[in-house]
Amino acid sequence: MTSGGGQRVLVTGAAGQIGTELVLALREKYPAEDVVAMYRSTPLAPEVADGGPSAVGDVTDAEGFARIVEEHDIGTVYHLAAILSATGESNPVVCFDVNMGGLLNVLELARERDLRVFSPSSIAVFGPDVPSEAPQDSVLHPTTMYGMTKVAGELLADYYAQAQGVDVRGLRYPGLISWRTPPGGGTTDYAVAIFHSAVQGQPYTCFVRADTRLPMMYMDDAIRATLDIMDAPAERLTCPASYNLAAVSFRADELAAEIASRVPGFEVHYVPDQRQAIADSWPDAVVDTVARDDWGWEHEFGLEEIVADMLENLSREQQLETA
Ligand code: NAD
Ligand code: SER
């Protein structure tokens, strides 16, 4: 076990898009009883709920969170509980409270109890003034509350690492594509929702323009990157809490065309809504050579592989549901 204070691992936000898959991956890596899935109101996926311990709690409740960490003898926290970009723009104060308050509680407890922490960042740290391919070192002028909490979260992580000696690491995930759990209110959700329409034989109404290009990644790659950075030797990490991480970058209509090549007749209509402005404020791609050089990051899934795997898994799920 790679944990600091206690023996076990805690995943906050374990009912979410990433948390569901990360808990399953951690339970492959460590004894399942050592991986605790923490959730608030959204129920855990059955395979997560049935496969090991869980705890109900709110990350903004410092005392309740500390009780969970103590009761379960936690040594490492993967802190995924957050409010994402689109929901954050509808509820900016809640977004600030959960994303900043929750992270502060995690880091304070990490300082007190010598916990290791994974705290994800996002391409949302960038704003409209970055180059279309965002370098690792760049101005960070996000225009969303979510993006602001991610920039401040990176700074808070750096502060707790440098001033308080906490081992805290993080990645700027691109938009993540996965089949097991629906996405949680982000701007990149269209790149998941489109697959659900395709397997149901329905046309998809896309909430961004056809020419919207964003950095994206398959969940399998994101989970591998998360496990790898937590295992990397600390002395190799030159920007431990804020690595750019890249896999693919494509336009919405390029994704639609790749799906249509496998689902004949699939149609997409483009009706941009308020999420277009968020997408337009993010870079088309990010440059992740520092992650590749520092700890050997390499993605495996390109657009074709993502589309093939998504369609195969969602079609199987749909057949099981209708059987
Ligand atoms: P998600 O919305 O699917 O899951 C987040 C979970 O946190 C939800 O189950 C929600 O119920 C829970 N939660 C919210 N407020 C809480 C609170 N106060 N206490 C406890 N739990 C609470 O999000 P995700 O996509 O799994 O993202 C996880 C992390 O990764 C977030 O920090 C997010 O910003 C980051 N990220 C995600 C993506 C992506 O494309 N999914 C991209 C970049 C960064
Ligand atoms: N996928 C996330 C979102 O759209 C990016 O952090 O909010």
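The values are calculated or read from the model by the stated rules, or taken from the named source; none is laboratory data. Note that the structure is predicted; figures quoted are calculated from it, not measured. As a convention, Cβ positions derive from the backbone with ideal geometry for all residues, glycine included, and neighbour counts pool all protein chains shown. Ligands, DNA and RNA are stripped out before the accessible areas are found, and what is left, the full protein with its side chains, is counted by its heavy atoms. Shrake-Rupley method; radii C 1.70, N 1.55, O 1.52, S 1.80 Å.
Within the stretch 164-177, restricting attention to residues that are more than 8 Å from ligand 2 (Cβ to nearest atom) and in contact (Cβ under 8 Å) with a residue 60 or more places away in the chain, the residue that is surrounded by the most Cβ atoms within 10 Å (Cβ to Cβ) is I177. When V286, V290, V248 are screened for being in contact with a His (Cβ under 8 Å, 6 or more places away or on another chain) and among the β-branched types (V, I, T), only V248 passes. Entry remark, the stretch 55-86: residues being of a type outside the set (A, V, I, L, M), open to solvent by 50 Å² or more (accessible area, probe 1.4 Å) and farther than 17 Å from L107 by Cβ number 3 in total. Of note, I229 satisfies the criterion of being open to solvent by less than 20 Å² (accessible area, probe 1.4 Å) and more than 16 Å from ligand 2 (Cβ to nearest atom). Annotation: of all residues in the stretch 183-217 being within 18 Å of E312 (Cα to Cα) and surrounded by fewer than 18 Cβ atoms within 10 Å (Cβ to Cβ), the one that is nearest to ligand 2 (Cβ to nearest atom) is A193. All of (1) away from ligand 1 (no atom under 16 Å from the Cβ); (2) within 17 Å of D294 (Cβ to Cβ) hold for R172 with one exception: (1).
Would you check if Y160 is hydroxyl-bearing (S, T, Y) and within 11 Å of ligand 2 (Cβ to nearest atom)?
Working: hydroxyl-bearing (S, T, Y): yes; within 11 Å of ligand 2 (Cβ to nearest atom): no.
No.
Taking the listed residues A256, A222, A210, A198, the one that is within 15 Å of ligand 1 (Cβ to nearest atom) and over 23 Å from D114 (Cβ atoms) is A222, with no other qualifying. Is one or more of the residues making up the stretch 276-288 in contact with a Phe, Trp or Tyr (Cβ under 7 Å, 6 or more places away or on another chain) and away from ligand 2 (no atom under 16 Å from the Cβ)? No; the residues of the stretch 276-288 include none that is in contact with a Phe, Trp or Tyr (Cβ under 7 Å, 6 or more places away or on another chain) and away from ligand 2 (no atom under 16 Å from the Cβ).
Select from the stretch 262-276 the residues that are of a type outside the set (D, E) and touching a residue at least 24 places away in the same chain (Cβ under 8 Å) and list them in ascending order.
Narrowing the stretch 262-276 to residues of a type outside the set (D, E): 262-266, 268-272, 274-276.
Those that are of a type outside the set (D, E) and touching a residue at least 24 places away in the same chain (Cβ under 8 Å): R262, V263, F266, V268, H269, Y270, V271, P272, Q274, R275, Q276.
All of (1) open to solvent by less than 10 Å² (accessible area, probe 1.4 Å); (2) in a loop (DSSP other than H, G, I, E, B) hold for D137 with one exception: (1). For R180, the conditions (1) open to solvent by less than 40 Å² (accessible area, probe 1.4 Å); (2) within 13 Å of ligand 1 (Cβ to nearest atom) all hold with the exception of (1).
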